[in-house]
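Participant: One structure, as structure tokens, below. Some questions next.
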Amino acid sequence: MVWTAASTFGLLAMTKEKYDLIIFDCDGTLTDSERAYNECSVDVFREYGLDFTVDYALKNWMGKSQDDIVRLEEEKNGISLPLQDIKNKFIINTPAYLGKYLRPIPGALEAVRELHKNFKCCVASNGERQNVIASLELLNFTGLFDGQHVFTKDDVPRAKPFPDLFLHACKVMNLTPERSIIIEDSVSGVRAARASGGYTIGFNGVDHHNLQSDGKLKEAGADIVFSDWKDILDHINSL
């Protein structure tokens, strides 16, 4: 894909009259990391006698924090699991899975670079902080988001689908949610974005997104849904 400032990005400044902040989810929005995380989680759960497939994980765990995944499986299976032990193993093991399975999302890096010229930008993810930062670094987002502009579920009492993380990001960035555009790929993320009061764009451009269709993202509250970063940029131009 060829990106040209004149044809695709020339009108971005017009959007500034209405919005000042772009908040990006990370996994499945900026980085194709869901498979890496779910492969890792499946292997960790296997150590505790729970045998899940990656397809099951993608369908049921997408967009959820590790805490919420553990609680979900405790409830479904009628068991008690050592949450902190599972989280520690997940954090320790994840880098190897990122090295094997992490992939770039076409157009995402170029889009962030262009949006960064005209908007304040930050990341708000349900992931573990060190894993989110590792994913961004591996795919060359370093420099676009410094550590102070990467927010994770550890920064707030409640992870997505509650709006706490987006509200926290807006507060730190010194802007109101109504002045923000939030780009999300999961149902839980879209629900959180919508509840925060931000303009919500659903992204459905990665292979595993067929498990969460455009319709589901719209039902969750997305103002509009796209599967291509160029279309997202064109839409932001038109706001």
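Participant: Take every Cα-Cα distance within region 138-177, group them into 10 Å bins from 0 onward, and report for each bin the whole-number percent of pairs it holds.
Facilitator: P(r) for region 138-177, in whole percents per bin: 28, 47, 25, 0.
Participant: Nearest 500 deg cm²/dmol is fine: what mean residue ellipticity at 222 nm does the chain get from its DSSP H runs of n ≥ 4 alone, each adding -39,500 (n - 2.57), divided by its residue count? Kindly include the intermediate steps, with their values, before the conclusion.
Facilitator: Numbers: 11 runs with 111 residues, N = 239.
After summing the helix terms and dividing by residue count, I get -13500 deg cm²/dmol.
Participant: Taking amide H positions as placed 1.01 Å from N in the peptide plane, with prolines and chain starts having none, which residues 5 or more places from residue 125, or on another chain, fall under 5 Å of its amide H?
Facilitator: Under 5 Å from the amide H of residue 125: 151, 152, 153.
Participant: Hey, what angle do you get for helix 66-77 against the long axis of the chain, alpha-carbon based, 0 to 90 degrees rounded to 10?
Facilitator: Compared with the principal axis, the helix lies near 50 degrees.
Participant: Okay, next question. Check cross-link reach from residue 89 to the lysines: straight Cα distance under 26 Å, and skip same-chain residues fewer than eight apart.
Facilitator: 59, 64, 76, 100, 153, 160
Participant: Now, a different point. May I ask you to derive the relative contact order of the chain, considering only C-alpha pairs under 8 Å and at least 6 residues apart, and to give it as an integer percent?
Facilitator: Values: 393 pairs, mean separation 63.0, N = 239.
In percent, rounded to a whole number, it is 26.
Participant: Could you sort 25-38, 89-102, 126-139 so that the peptide with the highest average Cβ count within 10 Å comes first and the rest follow in order?
Facilitator: Details: 25-38: 25.9, 89-102: 16.8, 126-139: 20.4.
In decreasing order of mean packing, 25-38, 89-102, 126-139 become 25-38, 126-139, 89-102.
Participant: Right, here's the next one. Per residue of region 44-54, what does 6.51 cos²θ - 1.76 cosθ + 1.60 with θ = phi - 60° give for ³J(HN,Hα)? Whole Hz please, x for Gly and Pro, Karplus curve as stated.
Facilitator: Per residue, the Karplus-derived 3J(HN,Hα) values read 5, 4, 4, 5, 10, x, 10, 10, 10, 8, 5 Hz.
Participant: Projected area of region 114-226, taken from the Cα convex hull and averaged over every viewing direction, in nm²? Mind showing how you got there, number by number?
Facilitator: On the way: hull surface 27.6 nm².
Its Cα hull, projected and averaged over all orientations, spans 6.9 nm².
Participant: Hey, what do the phi angles of region 87-101 turn into as Karplus ³J(HN,Hα) couplings, whole Hz, using 6.51/-1.76/1.60 and θ = phi - 60°, x for Gly and Pro?
Facilitator: 4, 4, 5, 4, 5, 5, 7, 4, x, 5, 6, 4, x, 8, 10
Participant: Using modelled amide H (1.01 Å from N, peptide plane; none on Pro or chain starts), what sits under 5 Å from the amide H of residue 32, excluding residues fewer than 5 places away?
Facilitator: The list, which skips near neighbours in sequence, is 103, 105.
Participant: In Å, the Kirkwood hydrodynamic radius of region 34-101 over pairs of distinct alpha carbons?
Facilitator: Kirkwood radius, region 34-101: 11.9 Å.
Participant: Could you tell me how many degrees, from 0 to 90 and to the nearest 10, lie between the Cα long axis of helix 187-196 and the main elongation axis, the longest principal axis, of the Cα atoms of the chain?
Facilitator: 50
Participant: What angle, in degrees between 0 and 90 and rounded to the nearest 10, separates the Cα long axis of helix 229-238 from the longest principal axis of the Cα atoms of the chain?
Facilitator: The helix 229-238 is inclined about 40 degrees to the chain.
Here, each number is a calculation from the coordinates, and none is a lab measurement. Quick caveat, the model's predicted, so the values are computed rather than measured. Positions of Cβ are generated from backbone atoms using ideal geometry, with glycine treated the same way; all protein chains shown enter the neighbour counts.
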